[in-house]
Amino acid sequence: MNKTKRKIFETSMKLFAEKGYDATSIEDITATVGVAKGTLYYHFSSKEEIFNFLIEEGVKLLQNSVDIKTAKLENYIDKLKAVILIQIKIVNKYEDFITILLGQFYGKESRNKMCQKYIYEYIDKIEKIVEDGIRAGQIKNGSAKVIASEIYALIASTLVYKMRNQENVEIIKLYKEFESTIIEGIKQK
């Protein structure tokens with residue numbers, strides 16, 4: 001991604017997170033970036049294309065991180081611990097992206113449906129780990145759908161925690177809290 005496209009991307013992400021998608025105009029983006037509309041349209045055909053690119057890139061980062069880290073692990077509890085740690089790190093580093101993703105989850109417009117699709121695909125990935133862990137006897141019997149949704153919901157919990165405290169998250173401290181409440185609750189005894 002060249003310098004101008006990256007600047008448009010980063011500025012759009014910040015504006016979408018701060019003002020919301022609907023309240024952010026192409027003029028807001030070009031004025032903040034300091035480029036003409038023609039330059040923006042050279043890189044992106046519309047505000048919707050910027051949004052789609054932003055969501056696709058962010059979700060790809062999250063899913064790739066989870067795939068790489070969990071592929072190395074044999075134990076399903078360790079895989080879920082890795083998922084939780086990655087989620088905390090993503091929220092901490094990419095708060096604007098998570099704010100947009102969660103903020104656009106509800107609704108019936110195409111961008112809402114796209115966010116829902118990506119979130120459901122991600123939760124399905126967690127659900128598969130949980131199902132495999134239940135079959136392997138490492139995770140206690142229960143609804144894999146519920147457990148996966150709970151683990152995904154830690155993204156929102158982390159964001160709320162970070163916003164309430166208005167500071168950077170102490171990643172390991174928060175991870176240890178989630179580990180003791182969530183992971184200990186699903187382990188097969």
| query | Looking at region 126-162, which of its residues are buried (at least 20 other Cβ atoms within 10 Å of the Cβ), more than 17 Å from LEU85 (Cβ to Cβ) and touching a residue at least 40 places away in the same chain (Cβ under 8 Å)? | reply | ILE139
| For ILE139, are the conditions met, namely being out of contact with any Asp or Glu (no Cβ under 8 Å at 6 or more places or on another chain), over 23 Å from LYS93 (Cα atoms) and not acidic (Asp, Glu)? | yes
| note | Picking from LEU101, LEU174, the residue that is closer than 19 Å to LEU54 by Cα and in a helix (DSSP H, G or I) would be LEU101
| Can we say ILE8 is in contact with a His (Cβ under 7 Å, 6 or more places away or on another chain) and at negative phi? | yes
| task | Within region 19-30, count every residue that is surrounded by 12 or more Cβ atoms within 10 Å (Cβ to Cβ) and either in contact (Cβ under 8 Å) with a residue 40 or more places away in the chain or of a type outside the set (Lys, Arg) (or both). | result | 8
| Given the structure, is ILE84 closer than 22 Å to ARG164 by Cβ, touching a residue at least 40 places away in the same chain (Cβ under 8 Å) and part of a helix (DSSP H, G or I)? | yes
| said: Going by what's in this entry, would GLN87 be described as under 11 Å from the mean Cα position of the chain (by Cα) and not β-branched (Val, Ile, Thr)? | reply: yes
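Each row is one residue, and each column tells you yes or no for (1) assigned by TED's automatic domain parsing to the domain that holds ILE172; (2) of a type outside the set (Lys, Arg); (3) under 23 Å from GLU170 (Cα atoms).
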| position | (1), (2), (3) |
| --- | --- |
| LYS3 | no, no, no |
| SER12 | no, yes, no |
| ASP28 | no, yes, no |
| TYR41 | no, yes, no |
| GLU57 | yes, yes, no |
| GLN63 | yes, yes, yes |
| VAL83 | yes, yes, yes |
| task | Go through region 1-13 and give me each residue that's buried (at least 17 other Cβ atoms within 10 Å of the Cβ) and within 17 Å of GLU95 (Cβ to Cβ). | result | PHE9, THR11, SER12, MET13
| request: Pick out the one residue from ASP78, ASP96 that is assigned by TED's automatic domain parsing to the domain that holds ASN141, touching a residue at least 40 places away in the same chain (Cβ under 8 Å), surrounded by 13 or more Cβ atoms within 10 Å (Cβ to Cβ) and among the acidic types (Asp, Glu). | output: ASP96
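The values are calculated or read from the model by the stated rules, or taken from the named source; none is laboratory data. On a predicted model such as this, the values are computed, not experimentally measured, just so you know. We place every Cβ from the backbone using ideal geometry, glycine too, and count neighbours over all the protein chains shown.
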